[in-house]
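Q: Structure below; questions to follow.
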Ligand SMILES: [Zn+2]
Ligand SMILES: [Zn+2]
């Protein structure tokens, strides 16, 4: 694929030029101004959340599991009593 994706810097969606960063962030990275990622990030498209399991973030990992498990167990909604404060 020709498209390398978008910058992995937080809240940046510019086109990647190097090291997973856009031109601006890549320059910052070369100057040592970007924090080194200490954790893997979710491989789900357009998701850069912290890696949880199976190369996905917690949200997408659970979503994937839930989808593969089918509509089995509906979560028991706990009755929320109206707090009289
Ligand atoms: Zn960027
Ligand atoms: Zn994700």
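Q: Step by step: first the residues of the stretch 30-52, then only those that are within 16 Å of ligand 1 (Cβ to nearest atom) and surrounded by 13 or more Cβ atoms within 10 Å (Cβ to Cβ), then the one that is nearest to the chain's Cα centre (by Cα). Which residue is that?
A: 48
Q: Shifting gears a bit: From the set of residues in the stretch 52-67 that are more than 9 Å from ligand 2 (Cβ to nearest atom) and either at pLDDT 80 or above or touching a helix residue (DSSP H, G or I) at 6+ places or on another chain (Cβ under 9 Å) (or both), which is nearest to residue 10 (Cα to Cα)?
A: Taking the candidates together, the pick is 55.
Q: Pick from the stretch 2-29 the residues that are within 16 Å of ligand 2 (Cβ to nearest atom) and exposed (fewer than 14 other Cβ atoms within 10 Å of the Cβ): which of them is nearest to residue 44 (Cα to Cα)?
A: Here the answer is 5.
The values are calculated or read from the model by the stated rules, or taken from the named source; none is laboratory data. Please read these numbers as outputs of a predicted model, since none were measured by experiment. Neighbour counts run over all protein chains shown; Cβ positions are idealised from the backbone, glycine included.
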